[in-house]
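Beneath this line is the structure, given in structure tokens, with notes to follow.
The values are calculated or read from the model by the stated rules, or taken from the named source; none is laboratory data. From a predicted model like this one, the values you see are computed outputs, not experimental measurements. All Cβ positions, glycine included, derive from the backbone under ideal geometry; neighbour counts span all protein chains shown. With ligands, DNA and RNA removed, areas are computed over all heavy atoms of the protein, side chains included. Shrake-Rupley method; radii C 1.70, N 1.55, O 1.52, S 1.80 Å.
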Amino acid sequence: MTLDVVAAPSPNFNDRRAPISLILLHYTGMESGAAAVARLRDPRAEVSSHYVVEEDGRILQLVGDDKRAWHAGVASWQGARDINSLSIGIEIVNGGHDYGLPAYPALQIDSVIALVRELMARHGLAAHQVIGHSDVAPGRKDDPGEHFPWETLAAAGCALAMPEPAPSNIDPAEGLGRIGYDLEAGMDAVLTAFQRRWRPARVDGVLDEETRALIAAIACRGDAEAGSA
């Protein structure tokens, strides 16, 4: 599809302090797209993102890729803590958990895929560098949520696909750290974030055998895909 991006500038940005190495996906978690865009452009709110993808597939750009938008908050991935400097933030209009976690329309996801694909090509990023807000802020953020169609993105080459569970002797905490999660959030929070991405059918924060095997499979994919979630 042709990528048609509408400028909707936000004043909420500053200079990057590191090269781009992540694409971070969010849901807006508000009652409407209009309300979300208004907040992301309000200087008093001190939040923003680079892009917003509306439910009808329209794409808005609020902050230039070369600038540091304010979307990740307190976050960490693979030991890095200034995730805003490292990432491009995409807000996907969806009410989120506070509004019933509605399904993402197919037209919207088509636009997300087109945008992510374009950004990956533009900035030399790979599928394992597309992650969710809940991955970098376990226990604090739940977006884009367990209903987000990661497998659809994976089929388009825009995220990693679900692995086959692989029993292993790897310590689960070591495996989660190797993937990229910050264990300072606590094991329950990190397990919940991991399941929200990789075992969305049951998100309970319990280290059962399926979760243990998925951690092992993802942590042991190999150096080329290290840090994937």
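Counting only residues that are more than 15 Å from the chain's Cα centre (by Cα), crowded, with 18+ Cβ neighbours inside 10 Å and in a loop (DSSP other than H, G, I, E, B), segment 59-88 holds 2 of them. Is it the case, given these coordinates, that residue 95 is under 15 Å from the mean Cα position of the chain (by Cα) and over 25 Å from residue 163 (Cα atoms)? Criteria not met by residue 95.
Condition first: open to solvent by 20 Å² or more (accessible area, probe 1.4 Å), closer than 19 Å to residue 131 by Cα and at pLDDT 95 or above. Can you find one or more residues in segment 30-46 that meet it? So far as segment 30-46 goes, no, none of its residues is open to solvent by 20 Å² or more (accessible area, probe 1.4 Å), closer than 19 Å to residue 131 by Cα and at pLDDT 95 or above.
Could you please let me know if residue 135 is touching a strand residue (DSSP E or B) at 6+ places or on another chain (Cβ under 9 Å), among the acidic types (Asp, Glu) and open to solvent by 40 Å² or more (accessible area, probe 1.4 Å)? Against the criterion (touching a strand residue (DSSP E or B) at 6+ places or on another chain (Cβ under 9 Å), among the acidic types (Asp, Glu) and open to solvent by 40 Å² or more (accessible area, probe 1.4 Å)), residue 135 does not qualify.
Please find, among 115, 119, 125, the residue that is open to solvent by 10 Å² or more (accessible area, probe 1.4 Å) and modelled with pLDDT of 95 or more. Result of the check over 115, 119, 125: 125. If the condition is being aliphatic (A, V, I, L, M) and either surrounded by 15 or more Cβ atoms within 10 Å (Cβ to Cβ) or at pLDDT below 95 (or both), then segment 188-209 contributes 189, 190, 191, 193, 203, 207. A residue that is surrounded by 15 or more Cβ atoms within 10 Å (Cβ to Cβ) and in a strand (DSSP E or B) occurs nowhere in segment 167-176. If the condition is being open to solvent by less than 20 Å² (accessible area, probe 1.4 Å), among the hydrophobic types (A, V, I, L, M, F, W, C) and closer than 16 Å to residue 156 by Cβ, then segment 95-112 contributes 109, 112. Applying a threshold of 8 Å to beta carbon distances and a minimum spacing of six or more residues, or different chains, the list of pairs starting in segment 108-135 at a residue that is of a type in the set (Lys, Arg) and ending at one that is modelled with pLDDT of 95 or more reads 117/156; 117/157; 117/158; 122/65.
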